[in-house]
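Inspection log for the structure reproduced underneath, given as structure tokens.
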Ligand code: ADP
Ligand code: 5GP
């Protein structure tokens, strides 16, 4: 059996990563999602996207080498648990990690075969409107996220693919296409081909 692929998805807060991925998982329930450990507070109505833990718990996991990467973002820690990612890849499943640009850079160094996708909003103005409409942050927090967005977009060249999230259905199709064509790369099918022929 061929190994699974690691897919990194990044993009400014409010660019639509969650919305796109939720639609993608409806179409492809076989694709796994890496649930990050985070020390920030749960937003109202936020489901099981994260393991919400204390800073002490986070630091302990880090000490025990249980995280593939981590980053501090606006005063909170966010990290990717190592074992679920390794297990999914070994089991032949694709797994998506939704992480920031610093985390993406760290993972690409450790696992250069990972593919990376950056989600862009149609414009900064629309990003601001979407964050406001989402209504999960205060105006000050939105300002911080917009500043952070500019810093992240400045590092977009480190990504393999860029998807504009204008029409949601188009953006979902674009991400789907990238993941499916990656599966068809020769090196990702080499083991299966050698076994069969
Ligand atoms: P992220 O996960 O990147 O922080 P979200 O998925 O929470 O972003 O999206 C931010 C807001 O924008 C949400 O309220 C979402 O419903 C809305 N949104 C996402 N994609 C689109 C789109 N293509 N068109 C209009 N609104 C969108
Ligand atoms: P939010 O607070 O909006 O959910 O996430 C803030 C930022 O942290 C986003 O850019 C998101 O992609 C990133 N993030 C979420 N989980 C992780 C993680 O495990 N590692 C890293 N490095 N960033 C993460």
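Quick note: the coordinates plus some simple rules give every number you see, no bench work behind them. Keep in mind that this is a model prediction, so the values were computed, not measured. When we count neighbours, we look across all protein chains shown, and the Cβ atoms used for this are built from the backbone with ideal geometry, even at glycine.
Values for this structure:
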| quantity | calculated |
| --- | --- |
| Simple spin-label estimate for residue 49 and residue 87 in nanometres, 7 Å along Cα-Cβ | 2.3 nm |
| Principal-axis tilt of helix 186-196 within the chain, Cα atoms, nearest 10 degrees | 30 degrees |
| Over the stretch 4-92, relative contact order from alpha-carbon pairs under 8 Å, at least 6 apart, % | 32 percent |
| Helix axis angle, 101-110 relative to the chain longest principal axis, alpha carbon, degrees | 20 degrees |
| Average projected area [Cα convex hull, the stretch 75-190], square nanometres | 8.6 nm² |
| Paramagnetic label zone (point 7 Å from Cα along Cα-to-C-beta, residue 65; backbone N under 20 Å) in the stretch 89-108 | 89-90, 106-108 |
| Percent of Cα-Cα distances greater than 15 Å, calculated over the stretch 88-128 | 55 percent |
| Sequence-separation-based contact order of the chain, relative, with Cα cut under 8 Å and 6+ spacing, percent | 33 percent |
| Segment residue 18-residue 169, length gained on full extension (0.36 nm per residue, minus Cα span) | 53.0 nm |
| For the chain, alpha-carbon Rg and Dmax in angstrom | 17.1, 60 |
| Cβ-based exposure ranking for 1, 111, in which fewest neighbours within 10 Å come first | 1, 111 |
| Per-residue [θ]222 nm for the chain (sum of -39500 (n - 2.57) over DSSP H runs n ≥ 4, rounded to 500) | -14500 deg cm²/dmol |
| DSSP-defined antiparallel bridges as percent of all bridges, the chain, nearest 5 | 30 percent |
| Burial order of peptide ranges 151-163, 76-88 (average beta-carbon count within 10 Å, highest first) | 76-88, 151-163 |
| Helix 139-153 axis, angle to the chain major axis (alpha carbon atoms, nearest 10°) | 40 degrees |
| Separation between Cα centres of the stretch 74-114 and the stretch 122-197, rounded to whole Å | 15 Å |
| Surface/4 of the Cα convex hull for the stretch 1-82, nm² | 6.7 nm² |
